[in-house]
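The values are calculated or read from the model by the stated rules, or taken from the named source; none is laboratory data. Bear in mind that the values here come from a model prediction, so they are computed numbers and not experimental data. Using ideal geometry, Cβ is built from the backbone for each residue, glycine included, and neighbour counts are taken over all protein chains shown.
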Amino acid sequence: MWGRKALVAVLLLGLTGCSAFGSDDDALVLYNAQNRGLMQALVEEFTKTTGIEVKLRNGGDSELGNQLVKEGAKSPADVFTTENATAMSLVDRAGLFAPLPPATLRGVPTQYVPASKRWVGVAARSTVLVFDPRQLSESALPASMLDLAKPEWQGKFGYAPTGADFQGIAAAVYALKGDQVGDAFVQGLKDNGVKHANNIAILKAVNSGEIPAGIIYHYYWFQDRARTGDDSDHAKLHYFGKRDPGAFLSIAGAGVLQSSDRATEAQQLVAFLASKQGQEVLAKSNDLQYAINHGVASNPALRPLTQLQPPAVPLSALDGPKVLAAFRRVGIL
Amino acid sequence: MALLALLPLVYVVVDMVGIGWVEARELIFRARVGELLRNTVALTTAAMLTSAALGTTLAWVVERTTIPAPGVWTALLAAPLVVPAFVTSFGWVSLWPAVASPWGALLVVTLAYYPLVFLPVAAALRGLDPALEETAEAFGLSGWAAFARVVLPQLRPALLGGSLLVGLHLLSEFGALQLLRVDTFTTAIYEQYTASFSGPAASTLAAVLLLLLCLLLLVGELRLRGLRRYAKVGGGSARRARRQPLGLASAPVMMALGGVVALGLGVPLGSIVRWLVAGVPAGLPWGSLAGAATTSVLLGAAAAVLITALALPVAILAVRYRSPLTSGIERTTYLANALPGIVVALALVSVSLRVVEPLYQTTTLLLAAYAVLYLPRAVVTLRAALAQAPPVLDDVAHTLGAGPWATAWRVVRPLVAPGLRAGAALVFLGVVTELTATLLLAPLGTNTLATQFWAESSQIEYAAAAPYAALMVLISAPATFLLTRDARRASGL
């Protein structure tokens, strides 16, 4: 009896398995580390406009970036999108991106294009300090993010060192202030910071009063406000501004893999993401990242991009591996 | 198959050689590894001790006192096994965020894992011949002294075996500890993986973890080996042991047992129900729930069929054709039993990218990981079943004119069928609640209940995570129940 059941199970699997697990058709393969919901909306609009189907493999910036490097020329990916520049640089430095045609880069401010011109910025997020005003008065807020390395901040702020998001912020400190200040900041993180798994966990911990403050990107707070607001009603945002490393603007990127066997369509997708049409989809969505190209205005709920006063960090100066090495040296990772 | 089981070890060794001594030394001898070593060893040791103490106490109360309805208590106290540890942890953290600390972690993992000690110790207590204790008491030992000097030593195989299982589970536990924000090697390896895919930092940590694992197994094996002298000479026919009258203590003892059930089973299940109630008004994502449930069940079923089929030849070789080579093959698959899912997954990612690239990101590779992880479970149960079908029965069938195929079908199959069923059920259970290997290896768009649960709960979306946890428990509960019932029947109790 068991034998027959097993046989039936095997046959069923044989029949359904292929369709349930199969992944082969001729859609573009997008390794997507950008917010899933946003990319889904963008890709839908792209397919509507061009008729080209796109399949997403979702993951984190570092995970997918390193995966692309390991896969090299064998990668099934056609396009790579991230939330931060560091993973883009990683893939770029491995020589895996194809050059972008000038038409794609037209309308994109130069600070959002790396020196190699092999990928393009398509969205941005601002670093903020989320804080609980019940525990921390506005006058007690740090003037610079680097102040968090001082002893009085011990155990008072959360950060998420395993994610590329925070690694980007630390990379900005190194790029702006040099190795000595960078190393001191990282040591301060190890001594004072409370490690969290991701930005949302930090936001919720601050909102519930578990910790007084945390370093995150602006849009986690705004996304929650746009939904139920339950996880942000007690938390406020502090923008460092004044070109402080804590006002770092993280640039999300898109690029075409050199190994793509559908280069034309892949280029079309990246061009779409950087284009006015793509930026408008972003601005109208509930995603709340900043639109950065073609002068498209971002969602009006946000503090305008022009008021953020971010420090000027060249995209190619952001060194992710250096940050990871520092994290490992002081024992954060 | 044995090669498949050895793959993770080979990967770690090859990778370490590839990294080179200087870099490897830098990655191993650093403060972080020391910190992880302290955390991991402290938590594992402490949890083994607390689980041993709690499991043994509960077993003694249920088996040796006049507590009312001991059968019901046994079932209730074993029930936390139905809930995967990461769901128990979710239950606690989502109700009481402050539990995310080393002490909280000790509490939660003890509540999740004490049944691993409770069940074997209770079985051992049931099987003990009371004559020994009575003799000891006749020689003037008090009740407590007799327990400590006569009963406890006889329980040691069950106690040590159970505690060893707790230790092995903890060394590979990822989800529960990540939610409780306690860093151990397994969570650190995952962090390294998310930070930089499968790099040298991850594989050096994996190497240290494997070393720790071997050490635990070695110590466990040595301690268990020294126990032969406690064996009885003759079987005899044992009476049931006399039960300690509880008298007035009955009510408080029952309340204490009730407390353990409430904390170990009530909190996780209650928490799931609470978040379901909170989330249902907003509407459940039926499509994604159904999709994840189907994927989990299909993967579980495919793995169950495949792995029992793979286990059959190993078990046949081990039982019917014993030789140093065949027992070597058998031992190798056991070794893999203790391997953390994360190490197996890292190894398969690395090997598939270097050697068999077309397999990368396919269901086949995921099933291969499940095979490495769960083959031992299937082999153990099949072995036991095959041992009940001795070759002499084949000979009898042959003399009665049955050919080899007819013998296999009509004689061996009915005897082995319960073992096959149990093996398949164990594999199915393992796969449905597997998290780490699935996270790393699941192909494009393949979401299981466990990975969906994880995606939601790591964003602290507890209400969205609850339906996946509920389905996981619902799917695995019947199989767990049948298995514990079968096991109790098999031991004749």
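Kindly indicate whether A:Val256 is within 14 Å of another protein chain (Cβ to nearest Cβ) and either within 24 Å of A:Leu90 (Cβ to Cβ) or surrounded by 19 or more Cβ atoms within 10 Å (Cβ to Cβ) (or both). Write out each step before concluding.
Working: within 14 Å of another protein chain (Cβ to nearest Cβ): no; either within 24 Å of A:Leu90 (Cβ to Cβ) or surrounded by 19 or more Cβ atoms within 10 Å (Cβ to Cβ) (or both): yes.
For A:Val256, the condition - within 14 Å of another protein chain (Cβ to nearest Cβ) and either within 24 Å of A:Leu90 (Cβ to Cβ) or surrounded by 19 or more Cβ atoms within 10 Å (Cβ to Cβ) (or both) - is not met.
Kindly indicate the residue of the range A:24-36 that is under 13 Å from the mean Cα position of the chain (by Cα) and touching a residue at least 60 places away in the same chain (Cβ under 8 Å) and also surrounded by the fewest Cβ atoms within 10 Å (Cβ to Cβ) among those meeting that condition.
Among residues in the range A:24-36 that are under 13 Å from the mean Cα position of the chain (by Cα) and touching a residue at least 60 places away in the same chain (Cβ under 8 Å), the one surrounded by the fewest Cβ atoms within 10 Å (Cβ to Cβ) is A:Asn35.
Applying the selection to the range B:129-142, what residues are touching a residue at least 24 places away in the same chain (Cβ under 8 Å) and either part of a helix (DSSP H, G or I) or crowded, with 21+ Cβ neighbours inside 10 Å (or both)? Reasoning before the result, please.
First pass over the range B:129-142, keeping only residues touching a residue at least 24 places away in the same chain (Cβ under 8 Å): B:129-131, B:133.
Once the filter is applied, which keeps residues that are touching a residue at least 24 places away in the same chain (Cβ under 8 Å) and either part of a helix (DSSP H, G or I) or crowded, with 21+ Cβ neighbours inside 10 Å (or both), the range B:129-142 yields B:Pro130, B:Ala131, B:Glu133.
One residue is enough: does the range A:100-111 have a residue meeting the conditions within 19 Å of A:Leu318 (Cα to Cα) and either within 9 Å of chain B (Cβ to nearest Cβ) or buried (at least 18 other Cβ atoms within 10 Å of the Cβ) (or both)? Even if it seems obvious, please write down each step before you answer.
If we filter the range A:100-111 for residues that are within 19 Å of A:Leu318 (Cα to Cα), which is where we start, we get A:109-111.
Narrowing the set further to residues that are either within 9 Å of chain B (Cβ to nearest Cβ) or buried (at least 18 other Cβ atoms within 10 Å of the Cβ) (or both) leaves none.
No, the range A:100-111 has no match at all.
Find the residue count for the range B:180-206, including only residues that are among the hydrophobic types (A, V, I, L, M, F, W, C) and facing another protein chain (nearest Cβ under 9 Å).
Number of matching residues: 4.
Does A:Gly168 qualify as being touching a helix residue (DSSP H, G or I) at 6+ places or on another chain (Cβ under 9 Å) and within 14 Å of chain B (Cβ to nearest Cβ)? Let's see the steps before the verdict.
Values: touching a helix residue (DSSP H, G or I) at 6+ places or on another chain (Cβ under 9 Å): yes; within 14 Å of chain B (Cβ to nearest Cβ): yes.
Considered against the rule, which asks whether it is touching a helix residue (DSSP H, G or I) at 6+ places or on another chain (Cβ under 9 Å) and within 14 Å of chain B (Cβ to nearest Cβ), A:Gly168 comes out as yes.
Hey, does the range A:231-238 have a residue that's among the basic types (Lys, Arg), within 24 Å of B:Glu461 (Cβ to Cβ) and not assigned by TED's automatic domain parsing to the domain that holds A:Thr49?
In the first step, residues of the range A:231-238 are kept if they are among the basic types (Lys, Arg); the result is A:236.
This time we only want the ones that are within 24 Å of B:Glu461 (Cβ to Cβ), so: A:236.
Now drop any that are not not assigned by TED's automatic domain parsing to the domain that holds A:Thr49, which leaves A:236.
Looking through the range A:231-238, at least one residue is among the basic types (Lys, Arg), within 24 Å of B:Glu461 (Cβ to Cβ) and not assigned by TED's automatic domain parsing to the domain that holds A:Thr49.
When you look at B:Arg25, is it modelled with pLDDT under 95, among the basic types (Lys, Arg) and surrounded by 15 or more Cβ atoms within 10 Å (Cβ to Cβ), yes or no? Before you say what the answer is, go through the steps one by one.
Working: modelled with pLDDT under 95: yes; among the basic types (Lys, Arg): yes; surrounded by 15 or more Cβ atoms within 10 Å (Cβ to Cβ): no.
When the stated conditions are applied, B:Arg25 does not pass them.
When you scan the range B:428-446, do you find a residue that is of a type in the set (Phe, Trp, Tyr), more than 23 Å from A:Ile202 (Cα to Cα) and within 17 Å of the chain's Cα centre (by Cα), even just one?
Step one: filter the range B:428-446 for residues of a type in the set (Phe, Trp, Tyr), giving B:428.
With more than 23 Å from A:Ile202 (Cα to Cα) added as a condition, the list becomes B:428.
Applying the additional criterion that residues be within 17 Å of the chain's Cα centre (by Cα) yields B:428.
Yes, some residue in the range B:428-446 is of a type in the set (Phe, Trp, Tyr), more than 23 Å from A:Ile202 (Cα to Cα) and within 17 Å of the chain's Cα centre (by Cα).
Kindly provide the set of residues from the range B:296-307 that are within 7 Å of chain A (Cβ to nearest Cβ) and either among the basic types (Lys, Arg) or touching a residue at least 12 places away in the same chain (Cβ under 8 Å) (or both), ordered by number.
Initially, the range B:296-307 is screened for residues within 7 Å of chain A (Cβ to nearest Cβ), giving B:298, B:301-302, B:305.
If the condition is that a residue be within 7 Å of chain A (Cβ to nearest Cβ) and either among the basic types (Lys, Arg) or touching a residue at least 12 places away in the same chain (Cβ under 8 Å) (or both), then B:Ala301, B:Ala302, B:Val305 are the ones that fit.
For the structure I just gave you, tell me whether A:Asn207 is without any contact (Cβ under 8 Å) to a residue 40 or more places away in the chain and within 14 Å of chain B (Cβ to nearest Cβ). Walk me through it before giving the result.
On the way: without any contact (Cβ under 8 Å) to a residue 40 or more places away in the chain: no; within 14 Å of chain B (Cβ to nearest Cβ): yes.
In short, no.
What strands (runs of 3 or more DSSP E) completely inside the range A:63-168 contain at least 3 residues that are under 14 Å from the mean Cα position of the chain (by Cα)?
Working: elements: A:79-81, A:120-131, A:157-159.
Hits in the range A:63-168: A:120-131.
Which pairs have Cβ atoms under 6 Å, sit 6 or more apart or on different chains, and link a residue in the range B:435-463 that is within 11 Å of another protein chain (Cβ to nearest Cβ) and closer than 22 Å to B:Arg274 by Cβ to one that is of a type in the set (D, E, K, R) and not in a loop (DSSP other than H, G, I, E, B)?
Sorted first by the residue in the range B:435-463, then by its partner, the pairs are B:Ile460/A:Lys204.
Would you mind telling me which numbered condition in (1) more than 26 Å from B:Gln154 (Cβ to Cβ); (2) not in a helix (DSSP H, G or I) B:Val22 fails?
Going through (1) more than 26 Å from B:Gln154 (Cβ to Cβ); (2) not in a helix (DSSP H, G or I) one by one, B:Val22 breaks only (2).
A:Leu288 fails exactly one of the following numbered conditions: (1) in a loop (DSSP other than H, G, I, E, B); (2) more than 20 Å from the chain's Cα centre (by Cα); (3) crowded, with 18+ Cβ neighbours inside 10 Å. What is the number of that condition?
Condition (2) is where A:Leu288 drops out.
Which of (1) in a helix (DSSP H, G or I); (2) out of contact with any Pro (no Cβ under 8 Å at 6 or more places or on another chain); (3) over 23 Å from B:Phe481 (Cα atoms) does B:Leu415 not meet, given it meets every other one?
(3)
Go through the range B:274-295 and give me each residue that's touching a residue at least 40 places away in the same chain (Cβ under 8 Å), part of a helix (DSSP H, G or I) and closer than 23 Å to B:Pro84 by Cβ.
Going through the range B:274-295, the residues touching a residue at least 40 places away in the same chain (Cβ under 8 Å) turn out to be B:274-276, B:278-279, B:282, B:284-285, B:288-289, B:291-293, B:295.
Still in the running and part of a helix (DSSP H, G or I): B:274-276, B:278-279, B:282, B:288-289, B:291-293, B:295.
Within the range B:274-295, B:Arg274, B:Trp275, B:Leu276, B:Ala278, B:Gly279, B:Ser288, B:Leu289, B:Gly291, B:Ala292, B:Ala293, B:Thr295 qualify.
With the structure loaded, tell me whether A:Ala266 is in a helix (DSSP H, G or I), in contact with a Ser or Thr (Cβ under 6 Å, 6 or more places away or on another chain) and either of a type in the set (D, E, K, R) or in contact (Cβ under 8 Å) with a residue 40 or more places away in the chain (or both) or whether it fails that test. Spell out the reasoning first.
Values: in a helix (DSSP H, G or I): yes; in contact with a Ser or Thr (Cβ under 6 Å, 6 or more places away or on another chain): yes; either of a type in the set (D, E, K, R) or in contact (Cβ under 8 Å) with a residue 40 or more places away in the chain (or both): yes.
Taking the combined requirement at face value, the residue satisfies it.
Kindly provide the set of residues from the range B:428-444 that are outside any helix (DSSP H, G or I) and at pLDDT 90 or above, ordered by number.
The first filter runs over the range B:428-444 and keeps only residues outside any helix (DSSP H, G or I), leaving B:433-435, B:442-444.
B:Thr433, B:Glu434, B:Leu435, listed by residue number.
What is the number of the single condition among (1) within 14 Å of chain A (Cβ to nearest Cβ); (2) modelled with pLDDT of 85 or more that B:Leu211 does not meet?
Every condition holds for B:Leu211 apart from (1).
Does B:Leu382 count as part of a helix (DSSP H, G or I) and either without any contact (Cβ under 8 Å) to a residue 12 or more places away in the chain or within 14 Å of chain A (Cβ to nearest Cβ) (or both)? Before the answer, list the steps.
Working: part of a helix (DSSP H, G or I): yes; either without any contact (Cβ under 8 Å) to a residue 12 or more places away in the chain or within 14 Å of chain A (Cβ to nearest Cβ) (or both): yes.
Criteria met by B:Leu382.
Given the options B:Leu37, B:Leu9, B:Leu58, name the one that is closer than 29 Å to B:Tyr374 by Cβ, touching a helix residue (DSSP H, G or I) at 6+ places or on another chain (Cβ under 9 Å), part of a helix (DSSP H, G or I) and within 13 Å of chain A (Cβ to nearest Cβ). If you could, list the steps in order and put the result at the bottom.
Numbers: B:Leu9 fails: within 13 Å of chain A (Cβ to nearest Cβ); B:Leu58 fails: within 13 Å of chain A (Cβ to nearest Cβ).
The match here is B:Leu37.
Would you mind telling me which numbered condition in (1) facing chain B (nearest Cβ under 10 Å); (2) surrounded by fewer than 20 Cβ atoms within 10 Å (Cβ to Cβ); (3) modelled with pLDDT of 90 or more A:Gly17 fails?
So A:Gly17 meets the others, but not (3).
Taking the options A:Asp224, A:Asp179, A:Asp230, name whichever one is over 18 Å from A:Asp132 (Cα atoms) and either surrounded by fewer than 24 Cβ atoms within 10 Å (Cβ to Cβ) or touching a helix residue (DSSP H, G or I) at 6+ places or on another chain (Cβ under 6 Å) (or both). Walk me through it before giving the result.
Values: A:Asp224 fails: over 18 Å from A:Asp132 (Cα atoms); A:Asp230 fails: over 18 Å from A:Asp132 (Cα atoms).
Step by step, each of A:Asp224, A:Asp179, A:Asp230 is checked, and only A:Asp179 is over 18 Å from A:Asp132 (Cα atoms) and either surrounded by fewer than 24 Cβ atoms within 10 Å (Cβ to Cβ) or touching a helix residue (DSSP H, G or I) at 6+ places or on another chain (Cβ under 6 Å) (or both).
Kindly indicate the residue of the range A:182-198 that is of a type in the set (S, T, N, Q) and assigned to a helix (DSSP H, G or I) and also surrounded by the fewest Cβ atoms within 10 Å (Cβ to Cβ) among those meeting that condition. Walk me through how you get there before you give the answer.
So the first thing to find is which residues in the range A:182-198 are of a type in the set (S, T, N, Q), and the list is A:187, A:192, A:198.
Next, from what is left, pick out any that are assigned to a helix (DSSP H, G or I): A:187, A:192.
Working: A:Gln187: 16, A:Asn192: 18.
Within the range A:182-198, the match that is surrounded by the fewest Cβ atoms within 10 Å (Cβ to Cβ) is A:Gln187.
Residue by residue, here is whether (1) more than 14 Å from every other protein chain (Cβ to nearest Cβ); (2) more than 22 Å from the chain's Cα centre (by Cα); (3) buried (at least 22 other Cβ atoms within 10 Å of the Cβ); (4) of a type in the set (A, V, I, L, M, F, W, C) holds:
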{"site": "B:Pro313", "(1), (2), (3), (4)": "yes, yes, no, no"}
{"site": "B:Ser323", "(1), (2), (3), (4)": "yes, yes, no, no"}
{"site": "B:Thr364", "(1), (2), (3), (4)": "no, yes, no, no"}
{"site": "B:Leu393", "(1), (2), (3), (4)": "yes, yes, no, yes"}
{"site": "B:Val396", "(1), (2), (3), (4)": "yes, yes, no, yes"}
{"site": "B:Gly403", "(1), (2), (3), (4)": "yes, yes, no, no"}
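Provide a single number: the residues in the range A:269-314 that are touching a residue at least 24 places away in the same chain (Cβ under 8 Å) and among the basic types (Lys, Arg).
Qualifying residue count for the region: 2.
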